[in-house]
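Let me begin by presenting the structure, written as structure tokens, before commenting on it.
The values are calculated or read from the model by the stated rules, or taken from the named source; none is laboratory data. What you see is a predicted model, and the numbers here were worked out from it, not measured in a lab. Every residue, glycine among them, receives a Cβ derived from its backbone with ideal geometry; neighbour counts consider all protein chains shown.
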Amino acid sequence: MDPDWYAAWREEAFEQLRAKNRRLQDDFRLGSWSRYNYDLKAGKLLFSEQGVVTVVSEIQIAGSTSVEAGNWLWAWANSNWPSEFITDARSARSFGKEHGIGDLTRDYVTDEDLDALGWKLTSAVTRICNACGAYRSPPDDGVGLYLILKSISWAS
């Protein structure tokens, strides 16, 4: 059972993330670029237009949702991700262990609305690690990847 304060804390984290992402939309036009790529060797998310990279963000991986599996899988529970890009997810897990929050400590989390669940859990990571925002890749074959944006800038 989660602490009494957790539901309100998570909702506040979600609202904070929405505000951060609105600023990123206004300042960097996130959500409007024709293409994105993530480079896990460099730990970057690249947004481009007509083959030209325009915006660069340093990233961490929060987790992913799968329609087929019907769940959220934390990045720290997925052996496919490089360890240097899941430190924020691990910090969320440590926070969850310290405060007895099941959603932050179980490998898998289920909910009927996976998109909402993904954003809520990502917002918790964003708040815990004081990130500047988050991004969800467009679902591909029912899988959504949730990334934490550590920094963002215009490409030089």
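So, in the range 108-156, exactly how many residues are in contact with an Asp or Glu (Cβ under 9 Å, 6 or more places away or on another chain), of a type in the set (V, I, T) and either closer than 12 Å to I61 by Cα or part of a loop (DSSP other than H, G, I, E, B) (or both)?
Counting residues in the range 108-156 that are in contact with an Asp or Glu (Cβ under 9 Å, 6 or more places away or on another chain), of a type in the set (V, I, T) and either closer than 12 Å to I61 by Cα or part of a loop (DSSP other than H, G, I, E, B) (or both) gives 3.
Please verify whether V56 is outside any loop (DSSP other than H, G, I, E, B) and either modelled with pLDDT under 95 or farther than 17 Å from Q16 by Cα (or both), treating the condition exactly as stated. Full working, then the answer.
On the way: outside any loop (DSSP other than H, G, I, E, B): yes; either modelled with pLDDT under 95 or farther than 17 Å from Q16 by Cα (or both): yes.
Yes.
Residues in the range 1-11 that are at pLDDT 95 or above and either under 30 Å from S83 (Cβ atoms) or in contact with a strand residue (DSSP E or B) (Cβ under 6 Å, 6 or more places away or on another chain) (or both): how many?
Residues flagged as at pLDDT 95 or above and either under 30 Å from S83 (Cβ atoms) or in contact with a strand residue (DSSP E or B) (Cβ under 6 Å, 6 or more places away or on another chain) (or both) within the range 1-11 amount to 4.
Looking at the range 59-88, which of its residues are in contact (Cβ under 8 Å) with a residue 40 or more places away in the chain and either in a helix (DSSP H, G or I) or loosely packed, with under 14 Cβ neighbours inside 10 Å (or both)?
Result: V67, E68, G70, P82, E84, F85, D88.
Would you be able to say whether some residue in the range 33-49 is outside any loop (DSSP other than H, G, I, E, B), among the small types (G, A, S) and closer than 23 Å to G100 by Cα?
Looking through the range 33-49, none of the residues is outside any loop (DSSP other than H, G, I, E, B), among the small types (G, A, S) and closer than 23 Å to G100 by Cα.
Of all residues in the range 15-40 being in contact (Cβ under 8 Å) with a residue 40 or more places away in the chain and closer than 22 Å to F85 by Cα, which is surrounded by the fewest Cβ atoms within 10 Å (Cβ to Cβ)?
L40
Consider only pairs whose beta carbons are under 6 Å apart and that are at least six residues apart or on different chains; among these, list those whose first residue lies in the range 99-128 and is closer than 22 Å to R22 by Cα and whose second residue is at pLDDT below 95.
Close Cβ pairs satisfying both conditions: L117/D111; G118/G144.
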